Amino acid sequence: MRTDIFARLDREPEPPKIEAPRMSRHRIALFGGTLAFYLAIVFAVLIGSWLVTLDWKVMLFRPYQQWPGIHAFLDYYVVLGQRGPTAVMVACWLGWRSWRQHTLRPLLTLGASLLLLNLTVGAVKLGLGRLGPHYATQIGSAELFAGGDIFPSGHTANAVVTWGILAYLATTPRARRYLSAVSAVVSLGVGLTTVYLGTHWLSDVLLGWTAGLLILLGLPWVEPLITRTEDWIFAVREQWRARRRTAPPVPVPVGVGGPRTVLLPQPGGADGAEGNPPLEPVAAGGRPAAAAPAPGTRPRAHTVHAVRSERTPVTPAGSRRPPHADRAPRGGTSPARPVAGG
């Protein structure tokens with residue numbers, strides 16, 4: 001008896017069904033509060049409030065110089081917020097789940113969340129054009145509309161969405177709680193790491209956390225589109241399979257498959273009545289087929305095949321050709337003459 005992971009998979013052919021979260025009143029309230037906080041951060045940076053002053057104080061404090069011992073570790077840890085590596089890791093896991101559960105919803109949900117992330121965060125980045133701490137030109141300035149692209153923090157928002165999608169797609173409440181805690185710790189650490197390295201302002205990280213949370217909270221509104229897309233993909237797959245099953249057979253070329261025999265009517269004979277003459281076997285190409293040997297005689301030593309030369313004329317089927325000299329007359333009772341040399 002096997003005790004490995006494959007044995008467990010064999011015993012569990014049907015995993016628990018994933019139910020799509022709905023946009024409840026509680027979720028709508030959370031979405032509204034998060035959106036208000038998002039707009040408040042943007043407004044505070046636009047007017048150059050105390051939040052911008054806090055950004056400069058943290059930047060001038062230079063955390064990477066205060067604690068240089070953890071710099072090397074955080075250089076690797078921040079990769080957990082990069083879109084490319086994290087998307088590949090999470091897509092591999094969700095792809096295995098899609099194959100195991102015979103559904104495309106996990107992969108489609110990941111794709112929809114990343115698309116929303118690129119559209120929303122990218123639009124705000126390009127619209128506000130804020131410069132990063134290493135490129136700041138004036139102390140105390142918000143550094144907006146200067147051609148930058150760091151507000152909000154893409155690393156932070158991506159960490160919230162990529163790791164939070166695992167909790168969103170969890171099949172049990174217990175797994176959802178654990179994965180929510182893990183994703184919160186990872187995204188919090190990625191955001192603070194960017195502040196430590198000096199690549200983002202503190203307000204960038206706050207807005208990145210909020211932007212990622214908005215996408216996760218608003219995903220139930222996208223669930224109907226995900227369901228329709230999955231149904232369409234499966235319908236196309238079934239049409240393709242049906243087309244392959246009903247494909248027409250390949251025609252066989254003429255002359256392939258061995259000798260063939262055509263039966264031609266004979267006038268009269270011992271085996272047929274008048275008006276319903278017996279049929280004479282004629283090989284393909286119009287040649288009469290070899291007559292059946294009479295009792296006590298040896299069969300002919302050769303067989304007429306259907307393969308012929310391209311220059312040999314073809315006698316139309318149904319014509320009567322004179323019999324060969326070495327063949328017994330039609331309707332006779334005398335035995336066939338043996339082949340010479342036999």
Relative contact order of segment 108-167: what whole-number percent is it, with Cα pairs under 8 angstrom and at least 6 residues apart?
38 percent
Out of segment 16-124, which trypsin sites (Lys or Arg not before Pro) are coil in DSSP terms and have no more than 16 other C-beta atoms within 10 Å?
17, 22
Find how much the distance from residue 28 to residue 225 grows on full extension, using 0.36 nm per residue of separation minus their present alpha carbon separation; answer in nm with one decimal.
69.0 nm
Could you give the nm distance between label points at residue 134 and residue 70, where each point is 7 Å from its Cα heading toward the beta carbon?
2.0 nm
When only the heavy atoms of the protein chains count and the probe is 1.4 Å, how do 221, 56 rank by accessible area, highest first?
221, 56
On average, how much accessible surface per residue is there in segment 98-149, in Å², for a 1.4 Å probe, leaving out ligands, DNA and RNA?
52 Å²
If amide H atoms are modeled at 1.01 Å from N in the peptide plane, then the residues at a separation of 5 or more from residue 129, or on another chain, having amide H under 5 Å from its own are 145
Exposure of residue 38 as accessible area (Å², to 10), given a probe of 1.4 Å and all protein chains:
30 Å²
Roughly to the nearest percent, how much of the accessible area of segment 21-101 is carbon and sulfur, given a 1.4 Å probe?
71 percent
Convert each backbone phi in segment 89-99 into a coupling constant with the Karplus relation 6.51 cos²θ - 1.76 cosθ + 1.60 (shift: θ = phi - 60°), then list the ³J(HN,Hα) values in order as whole Hz, x for Gly and Pro.
4, 5, 5, 4, 5, 5, x, 5, 5, 5, 5
The FRET efficiency for residue 172 and residue 99, from their Cβ-Cβ distance with R0 = 25 Å and rounded to 0.05, is 0.80
Can you tell me the FRET efficiency between residue 234 and residue 53 if r is taken as the Cβ-Cβ distance and R0 is 41 Å, rounded to the nearest 0.05?
0.15
Difference of contour (0.36 nm per residue) and Cα-Cα distance, residue 246 to residue 36:
69.8 nm
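The values are calculated or read from the model by the stated rules, or taken from the named source; none is laboratory data. Because the structure is predicted, anything quoted here is derived from the model rather than measured. Note that we place each Cβ from the backbone using ideal geometry, even for glycine, and neighbour counts take in every protein chain shown. To get the accessible areas, we keep the full protein, side chains included, count just its heavy atoms, and leave off ligands, DNA and RNA. Shrake-Rupley method; radii C 1.70, N 1.55, O 1.52, S 1.80 Å.
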